[in-house]
1. So, of the residues in the range A:42-55 that are buried (at least 20 other Cβ atoms within 10 Å of the Cβ) and under 15 Å from residue A:191 (Cα atoms), which turns out to be nearest to the other protein chains (Cβ to nearest Cβ)?
2. If residue B:97 satisfies every condition in (1) farther than 22 Å from residue A:36 by Cα; (2) buried (at least 23 other Cβ atoms within 10 Å of the Cβ) but one, which is the exception?
3. Among (1) outside the structural domain of residue A:24 (by TED's automatic domain parsing); (2) at pLDDT below 85; (3) out of contact with any helix residue (DSSP H, G or I) (no Cβ under 7 Å at 6 or more places or on another chain), where does residue A:174 come up short?
4. Sort out which residues of the range A:21-38 are more than 7 Å from chain B (Cβ to nearest Cβ) and either under 21 Å from residue B:15 (Cβ atoms) or in a loop (DSSP other than H, G, I, E, B) (or both), and write them in order of number.
5. Among the residues of the range B:94-108, which ones are in contact with a Leu (Cβ under 9 Å, 6 or more places away or on another chain) and assigned to a helix (DSSP H, G or I)?
6. One residue is enough: does the range B:45-56 have a residue meeting the conditions outside any helix (DSSP H, G or I), within 26 Å of residue A:142 (Cβ to Cβ) and modelled with pLDDT of 80 or more?
7. Listed residues B:69, B:27; which is assigned to a helix (DSSP H, G or I) and over 14 Å from residue A:207 (Cα atoms)?
8. Restricting attention to the range A:61-68, does a residue exist that is part of a helix (DSSP H, G or I), of a type in the set (Phe, Trp, Tyr) and facing another protein chain (nearest Cβ under 8 Å)?
Amino acid sequence: MAVLFAGFIGFGALGESLGLSVYMTVATSVLVFALPGQIVLFEMLAMGSTAIVAALASSITAARFMPMTLTVMPHFDRRHRTGLLYLVVHFLAMTSWAVAMRDFPKIKPEYRRPYFTGFSMLCWCTTLPGSTIGYLMAGSVPTPIKLALIFLNPLFFLLNFTEVRQTSHRLAIAFGGLIGPLVYLVYPDYSLLAAGLIGGSLAYAIHRWTRARGARQLIQQVPLEALPDKREGT
Amino acid sequence: MSELIALTGTVVGTYLWRALGVSFSGRINTDSEIFVWVTCVTYAMVAGLVFRIMLLPVGMLAELSLGIRLFASAAGIVVMIWPHKRLGGLVPGLLVGCLIIFVAGLNA
């Protein structure tokens, strides 16, 4: 949560350095609550992209919330899976998702939604003071500290990638990390879409292929006597 | 004005993904093939964004050389995966990486 707070301080400083207003910066943090998308939005506005393109590009980066929500919500008690989740989901962040995935196995289902809601809302509460402080300090804070705070956001996600254990997900990170910057050099607006769809599909294809090959090898290894003999019946 | 349109669009666009997740969460199976694919696409997308910010930043970070950004990232990763219990991990990794950027900023 401290990282998230520092992250929003960094975002506040970014808003100031790009010349956007304090209201715009804080409103973005409170209402969007998705740092990478906010950074994309601000960088694109600073580059002079049109409003629609900037909104589309930043919304595309929020696509991860769909699978993140999909992996968190089914763990809740069935009675807790009500319309209220449409409010709770706004407070979902990478941090609370990671904490939920780590702690849910140890928590009874009926306590999971309260636990998740409480932690997520606490995370969300850091956005307003964080980005306000970051914005107001940005003018008086020396450049090295500003640089370190801005660097904290991407570094946090980069370091989290080392925790990813599944080979298919690691491949997706490698392909996406390669394709994203390359496409950005030619078509900046489509770099995330390309990284996700091409990189992710490539990783998925390799995952399917190795799984199928693994299954074939497994079948070949099974001695014939172990297979049920269907000829007897005919 | 165009800033407000962009913000409104982002707020709606971001929330739609969240709401879509809630509405699917009751129906989709986390073991299904489409789910495996969506997760791969998500990881690739986030990685594409993070690597782009690291390699081709816009704004203040662009003032630092690529070598320093790479060095700080690599140092952070090494500390993150360092096997020692107290010296390794996420927070020490973040501190080391940001400290390198801080020192580089002093000399810039």
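1. Filtering the range A:42-55 down to residues buried (at least 20 other Cβ atoms within 10 Å of the Cβ) leaves A:42-45, A:49, A:51, A:54-55.
Then keep just the ones that are under 15 Å from residue A:191 (Cα atoms); that gives A:43-44, A:49, A:54-55.
On the way: A:43: 4, A:44: 8, A:49: 8, A:54: 4, A:55: 3 Å.
Once the filter is applied, the top-ranked residue is A:55.
2. The single condition residue B:97 does not satisfy is (1).
3. Condition (2) is where residue A:174 drops out.
4. Step one: list which residues in the range A:21-38 are more than 7 Å from chain B (Cβ to nearest Cβ), which gives A:21-23, A:25-26, A:29-30, A:33, A:35, A:38.
Matches in the range A:21-38: A:21, A:23, A:25, A:26, A:29, A:30, A:33, A:35, A:38.
5. Let us first name the residues in the range B:94-108 that are in contact with a Leu (Cβ under 9 Å, 6 or more places away or on another chain), namely B:94, B:97-98, B:101-102, B:104-105, B:108.
B:94, B:97, B:98, B:101, B:102, B:104, B:105 - these are the residues of the range B:94-108 that are in contact with a Leu (Cβ under 9 Å, 6 or more places away or on another chain) and assigned to a helix (DSSP H, G or I).
6. Taking the range B:45-56 first, the residues outside any helix (DSSP H, G or I) are B:56.
If we keep only those that are within 26 Å of residue A:142 (Cβ to Cβ) as well, we get B:56.
Okay, now just the ones that are also modelled with pLDDT of 80 or more, so B:56.
Checked the range B:45-56: at least one residue is outside any helix (DSSP H, G or I), within 26 Å of residue A:142 (Cβ to Cβ) and modelled with pLDDT of 80 or more.
7. Numbers: B:27 fails: assigned to a helix (DSSP H, G or I).
From the options B:69, B:27, the qualifying one is B:69.
8. Here is the first cut: in the range A:61-68, the ones part of a helix (DSSP H, G or I) are A:61-68.
Within this subset, residues satisfying the condition of being of a type in the set (Phe, Trp, Tyr) are A:65.
This time we only want the ones that are facing another protein chain (nearest Cβ under 8 Å), so: A:65.
Looking for residues that are part of a helix (DSSP H, G or I), of a type in the set (Phe, Trp, Tyr) and facing another protein chain (nearest Cβ under 8 Å), one finds at least one in the range A:61-68, hence yes.
The values are calculated or read from the model by the stated rules, or taken from the named source; none is laboratory data. These numbers were taken from a predicted model, which means no experiment stands behind them. Cβ sites come from the backbone with ideal geometry, for glycine too, and all protein chains shown count toward neighbours.
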